[in-house]
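Written below as structure tokens is the structure these notes are about.
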Amino acid sequence: MVNLIIDNTRVTVSEGATIMQAAKSIGIEIPHLCYLKDLNEIAACRVCVVEVEGKNKLITACNNVVEENMVVFTNSPKVMLDRMRTVQMILSQHDCKCATCIRSGNCSLQKLSNDLNIQNILYEENLECQAWDNSFPLIRDSKKCIKCMRCIQVCDKMQSLNIWELEGTGARTTVNISGSRTIAESDCSLCGQCITHCPVGALKERDDTSKLWEAIVSKDKVVVVQVAPAVRTAWGEEVGLDLQDATVNKIFDALKKIGVDYVFDTAYSADLTIMEEANEFLDRFKSGELEDRPMFTSCCPGWLRFIKGQYPHLVPQLSTAKSPMQMFGSVMKTYFSEQIGKKPEDIYSVAVMPCLAKKGEREMELFYVEYAGHDTDCVITTRELVRMLRAAHINPKTLKDIEPDKLFEQSSGAGVIFGATGGVMEAALRTAYYTIVGENCAPDAFEVVRAESQDTGVSEASFNLNGIDLKIAAVSGLGNARRLIEDIERGDKKYDFVEVMACPGGCVGGGGQPIHDGDELAFERGKNLYFIDKNAQLRYSHENEDVKALYENYFEKPNSHKAHMLLHTDHNS
Ligand code: HC0
Ligand code: SF4
């Protein structure tokens, strides 16, 4: 252990701890912009400088380790003056139009300059504006970039995709797409992790809220909205509701209040997906098709972009099931439109998702059905939903819990846990067990596939179901997925069924979720989905009465010809 004094307080920490960690252990948050634990410890911004007795120069707290008997000052006049000058230099190269910035109120640079009482920008440089394709779901504003390098490190180290690189030198240094490509030409998975780790407004999602407002205003459109599992556990963070109050049922009420016609829970179509995917898995498993390589889940569009770009030869291993979002869109434009006496093209199908890649997924031609347009017409993120509610001055405290609309009212806890890593696998195993054994397993029989933290990013397990041995894995984060695939390809690992989610922790940690600079909330949010599952009346997808009715009235049975036409897809095309 190492003993030192920080701001006149004695502190004892483990050897190798940084000054920043030591200060944090006694409740002192040293300001910083670029630091991200284990990802970005390069002291690029120099905001975290501290004074150390006996040293002439200030040193950075994020990457200097503690020494025995060190005496550190984090807020001496010398430190604060230096920090102020540094922030003024950063502001001189930053587009400070806060009133129209998406991150206003949630910007680390804005907070820091307010805290340091900076009221003037001393030098204003002519900022260069890089060209950008604003039709792409991920948008970068080079004038707001503060060159903290977080996006580069997150994309390289966490997602293993190396989309960003540093270009230019000196004051002209900036971040751009690597290899002189445009973002659309790059292999970007659209996971959005670079956005949620950006301390300012340099990266953001394409805002699609005006399209949705137009559809709501239009008299010709019936606006039908589905809300994804992971949205319910995060939207409250943005509107100031406690976890137990921030229900999906209040989101339904809010959507109705802004003029939406029908509201549904994507957890319903997650149950439908399980019926298709679990049966597909058992068919492919029994046929011997999975002897060499596993079947991979297909519901995470960031993962789909990744496998198609990085491992195209593995695409045939994907489940052919569309994602719950796309299945619901397809059902809305066919069965549902028939039931309410409308034409498919009259339906405007919207999905509220924690995810940017879902914006890309809805545009993929492979989901396009000529007569009805795309399965999903518009995807907005959790952040966009909250912005819409704010614009409509909806007071979250006045919202009531209302049920989803008729035909698709029921959903199971198995559908809800789709939003957390391992959830799709666990839900599928509950139904696969029933199909093989003929009775239900205990609802938590497969809880070992749940992940408590991102320590390894992979959960694996083996089960014997009535004499059938199954080896499965669930992985989140694309860097972890790449390591797992390499293990499989080398023959070091063998699985029958693998779930992959692009974002650490699964959709709960999605790139469209509320941003809390530096705090990773994915696993806390995931626990909430498991809590909802535990308290749900229905815990098995195959017991969903509204899903059963859809088969009776429309699809006949899982994997029927009609189900294949509308609920499955060919990922090779
Ligand atoms: Fe997900 Fe989904 S679980 S991908 O993370 O499968 O975005 O929440 O909606 O489609 O259900 C996201 C979340 C979904 C889909 C579901 C799946
Ligand atoms: Fe990299 Fe994901 Fe950002 Fe794309 S969205 S650049 S893959 S971190």
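The values are calculated or read from the model by the stated rules, or taken from the named source; none is laboratory data. This one's a predicted model, so the numbers in the text were calculated from it and none came from an experiment. A quick note on method: Cβ atoms are made from the backbone with ideal geometry, for glycine too, and the neighbour counts reach across all protein chains shown. To get the accessible areas, we keep the full protein, side chains included, count just its heavy atoms, and leave off ligands, DNA and RNA. Shrake-Rupley method; radii C 1.70, N 1.55, O 1.52, S 1.80 Å.
The shape of segment 179-274 can be summarised by an equivalent ellipsoid whose semi-axes, obtained from the alpha carbon gyration tensor, come to 28, 20, 16 Å from longest to shortest. Among the listed pairs Lys111/Lys250; Lys342/Lys562; Lys342/Lys400, those whose Cα-Cα separation exceeds 27 Å are Lys111/Lys250; Lys342/Lys400.
Note that segment 442-533 presents 40 Å² accessible area per residue, ligands and nucleic acids not counted, probe 1.4 Å.
Per-atom-type breakdown for the chain gives carbon and sulfur 48% of the accessible area (1.4 Å probe, protein chains only). Packing order of peptides 283-294, 477-488, 188-199, highest average first: 188-199, 477-488, 283-294 (average count of other Cβ atoms within 10 Å over each peptide's residues). Can you give me the Kirkwood hydrodynamic radius for segment 366-480, using every pair of distinct Cα atoms, in Å to one decimal? 18.0 Å is the Kirkwood radius here.
In nm², what is the average projected area of the convex hull enclosing the Cα atoms of segment 5-72?
Reported value for the Cα convex hull: 4.3 nm².
Taking other residues whose beta carbon is less than 14 angstrom from the beta carbon of Lys37, and scoring Lys, Arg as +1 and Asp, Glu as -1, yields -4. To the nearest 10, the accessible area of Glu439 is 110 Å² with a 1.4 Å probe. Solvent-accessible area per residue in segment 227-380 equals 29 Å², computed with a 1.4 angstrom probe and all protein chains kept.
Can you tell me the length gained on complete extension of the stretch Asp546 to Glu345, counting 0.36 nm per residue apart and subtracting the Cα distance? Show your work: numbers first, answer last.
Details: separation 201, 0.36 × 201 = 72.36 nm, distance 2.40 nm.
The Asp546-Glu345 span can extend by a further 70.0 nm.
Rg/Rh, computed from the Cα trace of segment 312-361 with Rh as the Kirkwood radius, has the value 1.09.
Only loop residues by DSSP count here, and only those with at most 14 other Cβ atoms within 10 Å; note down the GluC sites (Glu not before Pro) in segment 109-165 that meet that.
Values: sites: Glu124, Glu125, Glu128, Glu165; in loops: Glu124, Glu125, Glu128.
Hits after loop and neighbour filter: Glu124, Glu125, Glu128.
Rg(Cα) of segment 307-396 divided by 2.2 N^0.38 Å? Intermediate results must be reported in sequence, preceding the final value.
On the way: Rg = 15.6 Å, N = 90, 2.2 N^0.38 = 12.2 Å.
Dividing the Cα Rg of segment 307-396 by 2.2 N^0.38 Å gives 1.29.
Quick one: check the C-alpha center-to-center distance for segment 250-283 versus segment 100-118, whole angstrom. Segment 250-283 and segment 100-118 have Cα centres spaced 38 Å from each other. Note on Thr182 and Asp7: their simple-model spin labels are 4.9 nm apart, each label 7 Å out from Cα toward Cβ.
Just so you know, the averaged projected area of the alpha carbon convex hull for segment 126-248 sits at 10.8 nm². Shown here: the chain, whose C-alpha atoms stretch 78, 57, 47 Å along the first, second and third principal axes, sorted largest to smallest.
Quick check: from the Cα gyration tensor, does segment 497-573 come out rounded (a/c under 1.5), prolate or oblate? Because a/c hits 1.5 or more and a/b fails to exceed b/c, segment 497-573 counts as oblate. The ellipsoid equivalent to the alpha-carbon distribution of segment 17-126 has semi-axes of 27, 16, 12 angstrom, derived from the gyration tensor eigenvalues as √(5λ) and listed largest first. With the simple spin-label model, which puts each label point 7 Å out from Cα in the Cβ direction, the Asp283 to Lys534 separation comes to 3.7 nm.
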